[in-house]
Amino acid sequence: MGSSRKIEYSELDVRGFSPASIGEQWVKRSDLGDIYEKVVAGSRLSREDGVRLFETQDLLALGFMANLVRERLHGQDTYWVFNQHINYSNICANDCSFCAFSRSPGEQGGFVLTVEEVAAKARERLHEPITEYHVVGGCHPGLPLSYYVDLVREIKQVRPEALIKAFTTVEIAHMAQEAKLSVSEVLTELADAGVVALPGGGAEVFSHRIRQLLCPEKLSSEGWLEIAKEAHKLGIRSNATLLYGHLETPAERVDHLLALRQAQDETGGFITFIPLAFQPSNTGLSHLSARTGFTDLKTIAVARLLLDNFPHIKAYWIMLGVKMAQVALYFGADDLDGTVMEEQIGHMAGASSAEALTPNELEALIRAAGRRPVERDTFFRPVRPRADTKTR
Ligand code: V47
Ligand code: SF4
């Protein structure tokens, strides 16, 4: 394949051997043989290893290694969550060039839901056994902290047993700035209201070069990491993302992953890593050519291999499309995210996936890939199988 050493199938001893053993022979003979030895030994991979993994054209060797780690951690288990996304506002003081969701203050198409409207969205689906609310929005100039606190309290009121994963570190920094409070004061108020985890958005790419080009007004990479660590210290866990497939280099992707690995060594508070595949339509980067399937699978696989202290890697089907997300389950991913219900950020930027999947559809996708579906909550604790399958 490509510039990598070409392996002839006839070199491999396939008689009577399992696919795993044939895969092992393949990887050992590839250019990645030394990295494979480290993966087998459970040794930490270096920055140079990460760059080589991105540069290889031997996707199958890379996938074999990532799958080895994925199955070592989770066997055949593949997670999904019964969740509902709620976007409370798309009005944003920032102007990230990759974002098709946001509107500037005063611009046509901007919206802010009242606390009652947010509660009504949760109430509309009370007949479905949702276990997680995923709540995010833009950095709205002018909303008081009490709005966010009330919004969380109202959702909690509608469904007290559900877990609320709300507000990225970028929104938290914005709230603190507006309310003239410290980040820890804001996080404490939100946690008291019912926030148990922060979603992973806003990380984009930590490279200063990329942030300067795409989102110069946004919270800095250092700020993003500091707020995530602050949340972890207060007992609020969080997710982490990487927005890939635009102007970033493979080395910048690797540095992003290593910064997350370092932060996770310090706190252990990250739950899952989510590579977000860039959707270009209606954005300031719509001229960029579409990312390839190779980039999607490589990014998931390299993340699985470098992030040795992250328990989970999510194949977010909204951005990847369901077919690629399903294949990613053999390239390091162990989670598909969830039912979602109503998605705006990817779809306003041209994502062609559905806006929702039913539990039956998610489980069928997982089973068709030969994996075992496990319904999970925000913290990846298995949810007891429900007797009533009619709602599915
Ligand atoms: O912060 C914006 C990204 C993020 C585009 O934590 C785009 O479980 C692709 O973080 N193409 C929000 N991505 C979404 C997010 C998320 C989603 C699902 C689950 C979780 C979780 C987190 O979406 C933003 C930004 O990085 N984004 N525009 C775009 N055109
Ligand atoms: Fe605002 Fe987030 Fe969109 Fe950036 S990505 S413009 S911070 S909503």
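Things worth noting here:
- Absence of a disulfide-compatible partner, taken as no other cysteine beta carbon within less than 4.7 angstrom, is noted in the chain for CYS92, CYS139.
- Given LYS165/LYS218; LYS233/LYS314; LYS165/LYS233; LYS233/LYS323; LYS38/LYS165; LYS180/LYS229, the pairs whose alpha carbons are separated by over 26 Å: LYS233/LYS323; LYS38/LYS165
- Distance between the pseudo-spin-label points of GLU11 and ASP192 (7 Å out from Cα toward the beta carbon): 6.5 nm.
- Taken about its Cα centre, the chain carries a charge dipole of roughly 800 debye when the Cβ of each Lys and Arg holds +1 and the Cβ of each Asp and Glu holds -1.
- Mean ellipticity per residue at 222 nm, deg cm²/dmol - from DSSP H runs of n ≥ 4 across the chain, formula -39500 (n - 2.57): -12500 deg cm²/dmol
- Here's the picture: charge each Lys and Arg Cβ at +1 and each Asp and Glu Cβ at -1 in the chain, and of SER97, VAL158, LEU307 the one pushed furthest to the positive end of that dipole is LEU307.
- Ordering of 229-237, 131-139, 34-42 by packing [mean C-beta count within 10 Å, highest first]: 131-139, 229-237, 34-42
- Taking Cα centre as origin and charging only the Cβ of basic (Lys, Arg, +1) and acidic (Asp, Glu, -1) residues, the dipole magnitude of segment 42-95 rounds to 180 debye.
- Estimated from the Cβ-Cβ distance and a Förster radius of 25 angstrom, the FRET efficiency linking SER281 and GLU117 is about 0.35.
- GLU342-ALA251 pseudo-label distance in nm [points 7 Å out on the Cα-to-Cβ vector]: 4.5
- Tilt relative to the chain, helix 19-29 - C-alpha long axis, 0 to 90 degrees, to 10: 80
- Candidates GLY223, SER207, GLN177 compared by Cα position along the dipole of segment 154-223: farthest toward the positive end lies SER207, with charges placed on Cβ.
- Spin-label model, GLU161 to SER220: label points 7 Å out along the Cα-to-beta-carbon direction sit 4.6 nm apart.
- The slack in the chain from GLN57 to GLN108, taken as 0.36 nm per residue of separation less the alpha-carbon distance, amounts to 13.8 nm.
- Amide H contacts of LEU242 (H built 1.01 Å from N, in plane; Pro and chain starts excluded): ILE274, LEU276 sit under 5 Å, all sequence-distant by 5 or more or on other chains.
- Over segment 136-231 - Rg/Rh using Cα atoms and the Kirkwood inverse-distance radius: 0.99
- Relative to the dominant Cα principal axis of the chain, helix 221-233 is inclined by about 80°.
- For GLN76 and ASN309, the difference between the fully extended length at 0.36 nm per residue and the C-alpha to C-alpha distance is 81.9 nm.
- Using C-alpha pairs below 8 Å separated by at least 6 residues, the relative contact order for the chain is 21 percent.
- Placing a label point 7 Å from the Cα of PHE294 along the Cα-to-Cβ direction, the residues of segment 53-69 with a backbone N closer than 19 Å are 53-66.
- Ligands, DNA and RNA left out, the accessible area of segment 122-250 computed with a 1.4 Å probe is 53% carbon and sulfur.
- The order of the peptides 147-155, 271-279 by mean Cβ neighbours within 10 Å, most packed first, is 271-279, 147-155.
- For the chain, accessible area per residue (1.4 Å probe, heavy atoms of protein chains only), Å²: 41
The values are calculated or read from the model by the stated rules, or taken from the named source; none is laboratory data. What you see is a predicted model, and the numbers here were worked out from it, not measured in a lab. A quick note on method: Cβ atoms are made from the backbone with ideal geometry, for glycine too, and the neighbour counts reach across all protein chains shown. Side chains included, ligands, DNA and RNA excluded: accessible areas come from the protein's heavy atoms. Shrake-Rupley method; radii C 1.70, N 1.55, O 1.52, S 1.80 Å.
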